[in-house]
Number of protein chains: 2
Amino acid sequence: MKFSKLISKTSKTVPSDETAINAQLLIKAGYIHKEMAGVYAYLPLGLIVLEHIKQIVREEMNKVGGQELLMSTLQPKDIWLKTDRWDDKKVDNWFKTKLVNGTELGVGLTHEEPIVDALGDFIKSYKDLPVIVYQIQNKFRNELRAKSGLLRGREFLMKDMYSFASNQQEHQEIYNLILKGYYAVYERLGLGDNTYRTYADGGIFTDRFSDEFQTVSEIGEDVIYLDKVKKIAINQEIFKKENLQKLGLNSADLVKVKAVEVGNTFHLESKYTDALDVYYTNKDGQRQSIIMGCYGIGISRLLGVIAEHFSDEKGLNWPVEIAPYKVYLTFIKEEPKLVKIADKLYQDLTLLGIAVIYDDRNVRPADKFADADLLGIPFRVVVNDQTIKDQLYEFKLRSSPHLKYLSQTELIKMIQ
Amino acid sequence: MKFSKLISKTSKTVPSDETAINAQLLIKAGYIHKEMAGVYAYLPLGLIVLEHIKQIVREEMNKVGGQELLMSTLQPKDIWLKTDRWDDKKVDNWFKTKLVNGTELGVGLTHEEPIVDALGDFIKSYKDLPVIVYQIQNKFRNELRAKSGLLRGREFLMKDMYSFASNQQEHQEIYNLILKGYYAVYERLGLGDNTYRTYADGGIFTDRFSDEFQTVSEIGEDVIYLDKVKKIAINQEIFKKENLQKLGLNSADLVKVKAVEVGNTFHLESKYTDALDVYYTNKDGQRQSIIMGCYGIGISRLLGVIAEHFSDEKGLNWPVEIAPYKVYLTFIKEEPKLVKIADKLYQDLTLLGIAVIYDDRNVRPADKFADADLLGIPFRVVVNDQTIKDQLYEFKLRSSPHLKYLSQTELIKMIQ
């Protein structure tokens, strides 16, 4: 992509009501547009990163046996009445709307009920279990305040997965498998070293803990107690002697750190399946409850977390696998000879399938480099009149101050 | 994918309130689940087809210079007041909702206003034009009745593209280029031979016609007058002498046919850009209006159109490029020798990147073949005890009654 063709532009200002650093960074770099508090549009650069995150999550969820489907946003009232989650006094962050004839509808904020209801048509026998399904879909939550940018939106993109098992043992095996999938996701997103499975409150209808995945980060608003050897943590909210004992954790081994939640997994027992009258028949012809789990990863939240976590005073700094472009390429001045060489390199790298943003603008190098840094492109390549005589390109990592001078072969080896 | 792992099952019944043939077929085949009138969930098979259609549309829109972005569903009132499209008396199919504090919000039914508002931050000068952007996103329309299945949903997936040009000539060039992109889309979707550019009413703020793309089909609810030589049609709604003259069409050359709309393109002049105060500065420093076009393709509508248009009494019949699986593979009976050969072929085809649904169930061949037909998989391959002795596989096209007997090499050549 040529820089001059980008519809977004970098900017030094952000809307005055935008207080979240993640959103400020992404707005300045032209990745998102603020529609209102907690609601953002994804401009082309932001959408590419979002799609990269989606694809990683999708691939890892497929690997653990998940089948992707897509439920609706508009929700009929009746299925939510069955689980007592319709009343605004019970669930206080619904957006609701109405059909022309006055029928009330919900605007999907989670999908346990419709998923159970839809799968009820197909899960009848023990032969139909286990089932693991997921979707990547916008959720809508009527948050009273929405000041955390992409970290807590009123409209946000989420991967929500649901498992259905014929007994507790099968459920636990699936649950453990999905945890492995979660580790793989954070690894690929560049968060692997800092992200820990963290025990948290399990909710009212199970005596088990839920699990959060928490990334240790200065940007975090959560506090966790981390056992660095066991690579397990416990959320401050349930940090008490009794729980530590249950979990086999020793308070002397734990350090208190700030962290940001990047995923969670829950044991739902048979609360939703029973309530929606979805059972299976076992080998002996007996009706049995179905054990359910649910597993969330906030995709747009991750966009915000990663943007802010890796940022510095110069701007964004994307992990290679999700960057919108791998390489930022430009010429140091607009001289025909330099431009011609840069044009050729742009063509060569593109043909190799390397995503390049080619800054073809005739502006000062300092402005170009400031934009390259703000955009957070991992590799910067400059066609420089001093070194190109020796057929060497100026190469710099976004995360390092050091310049290197590489031949085209060395360059390709470095970035491919 | 093994058939036994599919979470959906084929069915002989559909919800009693489902009257649309497209939705009936897709429900019976386990592609979609009805949530309520005009609102459907996409089960894994349905989602795969939907993604295939999306990908074709995306590729062709990229080819004509479109940049993909993604606007929000939740809409602030103020931008819609500026164009006088907020009031329910002016736009009668809004879904609306409210923030906790009572602020009214719209649930996105189209996106001219937010797109113009967002791009206003970036389009300032003639150097910033032209711009072509698009998104593939759910739209919500509060239809009084929703009886046409996926052909007119209350929640539906749409590709909406918007162009911004500095003058009429540039606008017309972009418009013509995008029309070419539309032809390419229908060609790849298998609708090319039957789909025609069709002049239609242009709306109230232009004196130009809009264009519809209409697929000649018995399932259509529109009537068009088609010039088969010029490959151009005119919608019955504007079929009058004066318009025929303007368009250079001769009523003697036209045949009246039923057709279904699969896309539309509009000249918006500068109605939205002016109303939202988005102008550009020309070379002479003068403020100028921006000429806009918009271009829609209903993605979920196309799923319904294609499902119904190509169907027969046995079920669905997908064009190869969008089928959820290219090949349906099974063994005629569950004998170890046959199963082993089928397992091996499944593996071989999968390794070649061919999407195969492998029916590993131990059920009667007649039931298997009925499911293969209902699912509409283009190629059926059977490991048959009679012919496998000679290393020949039974091969059948979904659209033909004839059986062929092919070696593995011939088979791969046929389906790849």
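The values are calculated or read from the model by the stated rules, or taken from the named source; none is laboratory data. All of these numbers come straight from a predicted model, not from anything done at the bench. Here Cβ is always computed from backbone atoms with ideal geometry, including for glycine, and neighbour counts include all displayed protein chains.
Considering only residues that are of a type in the set (Gly, Ala, Ser) and touching a residue at least 40 places away in the same chain (Cβ under 8 Å), look in the stretch A:1-27 and name the one that is nearest to the other protein chains (Cβ to nearest Cβ).
A:Ser4
Residues in the stretch A:347-380 that are free of Cβ contacts under 8 Å to residues at least 60 places away in the same chain, closer than 22 Å to A:Asn22 by Cα and assigned to a loop (DSSP other than H, G, I, E, B): A:Ile377 only.
For A:Asp274, the stated conditions do not hold, so it cannot be described as over 28 Å from the mean Cα position of the chain (by Cα), of a type in the set (Asp, Glu) and assigned to a loop (DSSP other than H, G, I, E, B). If you check A:Asp84 against the conditions, is it surrounded by fewer than 18 Cβ atoms within 10 Å (Cβ to Cβ) and either more than 22 Å from B:Leu105 (Cα to Cα) or more than 9 Å from every other protein chain (Cβ to nearest Cβ) (or both)? Spelling it out, A:Asp84 is indeed surrounded by fewer than 18 Cβ atoms within 10 Å (Cβ to Cβ) and either more than 22 Å from B:Leu105 (Cα to Cα) or more than 9 Å from every other protein chain (Cβ to nearest Cβ) (or both). For the stretch B:280-298, does any single residue satisfy the condition of being part of a helix (DSSP H, G or I) and acidic (Asp, Glu)? Looking through the stretch B:280-298, none of the residues is part of a helix (DSSP H, G or I) and acidic (Asp, Glu). Apart from one condition, A:Asp371 fits all of (1) more than 31 Å from the chain's Cα centre (by Cα); (2) modelled with pLDDT of 95 or more; the exception is (1).
Give the residues of the stretch B:322-360 that are in contact with a helix residue (DSSP H, G or I) (Cβ under 8 Å, 6 or more places away or on another chain), surrounded by 15 or more Cβ atoms within 10 Å (Cβ to Cβ) and over 22 Å from B:His402 (Cβ atoms), sorted by residue number. Within the stretch B:322-360, B:Ile322, B:Pro324, B:Leu338, B:Ile341, B:Tyr358, B:Asp360 meet the criteria. Put simply, of B:Ile115, B:Ile136 the only residue that is crowded, with 23+ Cβ neighbours inside 10 Å and either facing chain A (nearest Cβ under 9 Å) or among the β-branched types (Val, Ile, Thr) (or both) is B:Ile115. Within the stretch B:218-228, restricting attention to residues that are of a type in the set (A, V, I, L, M, F, W, C) and at pLDDT 95 or above, the residue that is farthest from B:Lys180 (Cα to Cα) is B:Val223.
Of all residues in the stretch B:128-151, those satisfying the criterion of being modelled with pLDDT under 95 and among the basic types (Lys, Arg) are B:Arg145, B:Lys147.
Per-residue answers, yes or no, for (1) crowded, with 20+ Cβ neighbours inside 10 Å; (2) within 19 Å of B:Gln67 (Cβ to Cβ); (3) among the aromatic types (Phe, Trp, Tyr):
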residue	(1), (2), (3)
A:Leu25	yes, no, no
A:Ile32	yes, yes, no
A:Gly38	yes, no, no
A:Leu43	yes, yes, no
A:Gly66	yes, no, no
A:Leu74	yes, no, no
A:Lys77	no, no, no
A:Val91	no, no, no
A:Trp94	yes, no, yes
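Can you confirm whether B:Lys180 is more than 10 Å from chain A (Cβ to nearest Cβ), out of contact with any strand residue (DSSP E or B) (no Cβ under 9 Å at 6 or more places or on another chain), modelled with pLDDT under 95 and more than 30 Å from B:Arg287 (Cα to Cα)? No: the conditions fail for B:Lys180. Considering each residue of the stretch A:321-329 in turn, at least one proves to be more than 30 Å from A:Glu170 (Cα to Cα) and among the basic types (Lys, Arg).
Anything in the stretch A:300-314 that is surrounded by 21 or more Cβ atoms within 10 Å (Cβ to Cβ) and closer than 27 Å to A:Gln416 by Cβ? List them, or say none. Result: A:Leu302, A:Leu303, A:Ile306, A:Ala307, A:His309, A:Ser311. Annotation: of all residues in the stretch B:118-133 being among the small types (Gly, Ala, Ser) and either free of Cβ contacts under 8 Å to residues at least 40 places away in the same chain or not in a strand (DSSP E or B) (or both), the one that is surrounded by the most Cβ atoms within 10 Å (Cβ to Cβ) is B:Ala118.
Whether a residue is touching a Lys or Arg at 6+ places or on another chain (Cβ under 7 Å) and either without any contact (Cβ under 8 Å) to a residue 40 or more places away in the chain or of a type in the set (Lys, Arg) (or both) was assessed, and A:Tyr279 passes this test.
Identify, from the list B:Lys333, B:Lys404, B:Lys344, the residue that is part of a loop (DSSP other than H, G, I, E, B) and farther than 28 Å from B:Gly46 by Cβ.
Numbers: B:Lys404 fails: part of a loop (DSSP other than H, G, I, E, B); B:Lys344 fails: part of a loop (DSSP other than H, G, I, E, B).
Of B:Lys333, B:Lys404, B:Lys344, the one residue that is part of a loop (DSSP other than H, G, I, E, B) and farther than 28 Å from B:Gly46 by Cβ is B:Lys333.
Given the criteria touching a Phe, Trp or Tyr at 6+ places or on another chain (Cβ under 9 Å) and part of a strand (DSSP E or B), does A:Ala307 qualify? Here the answer is no, as A:Ala307 does not meet what is asked. With respect to A:Thr215, determine if the residue is among the polar types (S, T, N, Q), within 22 Å of A:Ile299 (Cα to Cα) and at pLDDT 95 or above. Here the answer is yes, as A:Thr215 does meet what is asked. In the stretch B:31-41, the qualifying residues are those that are more than 8 Å from chain A (Cβ to nearest Cβ) and touching a Gly at 6+ places or on another chain (Cβ under 8 Å), and the one that is nearest to B:Phe369 (Cα to Cα) is B:Tyr31.
So A:Leu247 ticks every box in (1) touching a His at 6+ places or on another chain (Cβ under 9 Å); (2) surrounded by 13 or more Cβ atoms within 10 Å (Cβ to Cβ); (3) at pLDDT below 95 but one. Which box is left unticked? In the conditions (1) touching a His at 6+ places or on another chain (Cβ under 9 Å); (2) surrounded by 13 or more Cβ atoms within 10 Å (Cβ to Cβ); (3) at pLDDT below 95, A:Leu247 misses (1) alone.
When you go through A:Glu68, A:Glu104, A:Glu59 one by one, which is the residue that is acidic (Asp, Glu) and within 8 Å of another protein chain (Cβ to nearest Cβ)?
The conditions single out A:Glu68.
Every condition in (1) out of contact with any Leu (no Cβ under 7 Å at 6 or more places or on another chain); (2) more than 19 Å from B:Lys96 (Cα to Cα); (3) outside any loop (DSSP other than H, G, I, E, B) is met by A:Leu50 except one, and the failing one is (1). B:Gly102 meets the conditions (1) touching a Lys or Arg at 6+ places or on another chain (Cβ under 8 Å); (2) exposed (fewer than 14 other Cβ atoms within 10 Å of the Cβ) in every case but one. The failed one is (1). The residue of the stretch B:286-297 that is farthest from B:Lys28 (Cα to Cα), among those that are in contact (Cβ under 8 Å) with a residue 40 or more places away in the chain and surrounded by fewer than 24 Cβ atoms within 10 Å (Cβ to Cβ), is B:Gln288. Report whether or not B:Ser8 is over 30 Å from B:Thr330 (Cβ atoms), of a type in the set (S, T, N, Q) and surrounded by 22 or more Cβ atoms within 10 Å (Cβ to Cβ). No; evaluated as a whole, the condition is false for this residue. If you take the residues in the stretch B:139-152 that are part of a loop (DSSP other than H, G, I, E, B) and touching a Gly at 6+ places or on another chain (Cβ under 9 Å), which one is farthest from the other protein chains (Cβ to nearest Cβ)? Ranking the candidates gives B:Ser148 first.
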